[in-house]
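Working notes, structure below.
The values are calculated or read from the model by the stated rules, or taken from the named source; none is laboratory data. Quick caveat, the model's predicted, so the values are computed rather than measured. Cβ placement follows ideal geometry from the backbone for every residue including glycine, while neighbour counts extend to all protein chains displayed. Quick note on the areas: whole protein, heavy atoms, side chains included, nothing else; ligands and nucleic acids left out. Shrake-Rupley method; radii C 1.70, N 1.55, O 1.52, S 1.80 Å.
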Amino acid sequence: MREIIVAPSILSADFKKLAEEIQQAEKGGAKWLHFDVMDGHFVPNISFGIPVLKSIKGNHGMINDVHIMIDNPKKYAKTFVEAGADVLTFHYEACKNIYEARDIIDIIHENGAKAGISIKPRTKAEEIFPLLPYVDLVLVMSVEPGFGGQEFNPEALGKIFLLQYHIKKDNLPVLIEVDGGINEITGKQCTLAGADVLVAGSYLFGHDDIAERIKKLKR
Ligand code: DX5
Ligand code: ZN
């Protein structure tokens, strides 16, 4: 049975007690911690960045799954890995072309982290097929990036299925992660379609039964 990885997104956490929220997530069975960086350019919101990542790195045993929704990811890739990203996922749409995406993947690998590529809802999965042999993870956005608490877009399911078909066909060691509007219903749909990693923010944080909710997502 494939292990489903749950990655709580701290964008939805209570920042007055961030350390406690992270501890709850880890105790609740999360193996990854999803860290949403937003620059107010690539997405119409600003979240948090390097100082916050540095402050949480080493304070928990989960994988730092850093999702940068920023313009010019090539300029910041090394900095995010040095600040503590174990997996660094950037957006295909923020790259000048597929060659720049390849360069960023190389930079991430050269600095010792895993590389992920993310696509927004309006980007076709086929556009990143040429990158599948080089990345460790593909992040399929099931909402328009920028905010937590949005409605799941079921078009993500077709993309997940298509990607898992190509990944399996070519026997590639690539994880599929899905992000946005994930709860026990949509999460199940995504894992049935082939997703390995489920990001969840508002479904997990702000409730007193996070362990129970994480268990439901892993089913
Ligand atoms: C949105 C972020 C997501 C978001 C998920 O741009 O990339 O990670 O925090 O939040 P929910 O699970 O509430 O949709
Ligand atoms: Zn995210």
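Couple of notes before you dig in:
- Scan of segment 31-47 for residues that are within 14 Å of ligand 2 (Cβ to nearest atom) and either of a type in the set (Asp, Glu) or within 28 Å of GLU212 (Cα to Cα) (or both), ordered by number: TRP32, LEU33, HIS34, PHE35, ASP36, VAL37, ASP39, SER47
- Residue match in segment 59-68 (condition: in contact (Cβ under 8 Å) with a residue 12 or more places away in the chain, surrounded by fewer than 17 Cβ atoms within 10 Å (Cβ to Cβ), out of contact with any Asp or Glu (no Cβ under 9 Å at 6 or more places or on another chain) and part of a loop (DSSP other than H, G, I, E, B)): yes
- The requirement of being away from ligand 2 (no atom under 13 Å from the Cβ), over 16 Å from the mean Cα position of the chain (by Cα), crowded, with 16+ Cβ neighbours inside 10 Å and basic (Lys, Arg) is satisfied by LYS188.
- Residue that is least open to solvent (accessible area, probe 1.4 Å) [pool: residues in segment 10-22 that are without any contact (Cβ under 8 Å) to a residue 60 or more places away in the chain and closer than 20 Å to ALA85 by Cβ]: ILE22
- If only residues of segment 128-171 that are open to solvent by 80 Å² or more (accessible area, probe 1.4 Å) and either within 20 Å of VAL66 (Cα to Cα) or in a helix (DSSP H, G or I) (or both) are counted, the one that is farthest from ligand 2 (Cβ to nearest atom) is LYS169.
- Filtering ALA101, ALA115, ALA77 for residues that are part of a helix (DSSP H, G or I), away from ligand 2 (no atom under 14 Å from the Cβ) and either in contact (Cβ under 8 Å) with a residue 60 or more places away in the chain or under 25 Å from GLN164 (Cβ atoms) (or both) leaves a single hit, ALA101.
- Among the residues of segment 13-32, the ones that are within 14 Å of the chain's Cα centre (by Cα) and among the small types (Gly, Ala, Ser) come to 1 in all.
Yes/no matrix, rows are residues, columns are (1) in contact (Cβ under 8 Å) with a residue 24 or more places away in the chain; (2) open to solvent by 10 Å² or more (accessible area, probe 1.4 Å):
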| site | (1), (2) |
| --- | --- |
| PRO173 | yes, yes |
| GLU177 | yes, no |
| LEU192 | no, yes |
| VAL197 | yes, no |
| ALA200 | yes, no |
| LEU204 | yes, no |
| HIS207 | no, yes |
| ILE210 | yes, yes |
| ARG213 | yes, yes |
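- Failed item in (1) open to solvent by less than 10 Å² (accessible area, probe 1.4 Å); (2) in a helix (DSSP H, G or I), with ALA7 passing the rest: (2)
- Taking segment 114-127 as the range and being open to solvent by 10 Å² or more (accessible area, probe 1.4 Å) and within 30 Å of SER55 (Cβ to Cβ) as the test, the residues that pass are LYS114, LYS120.
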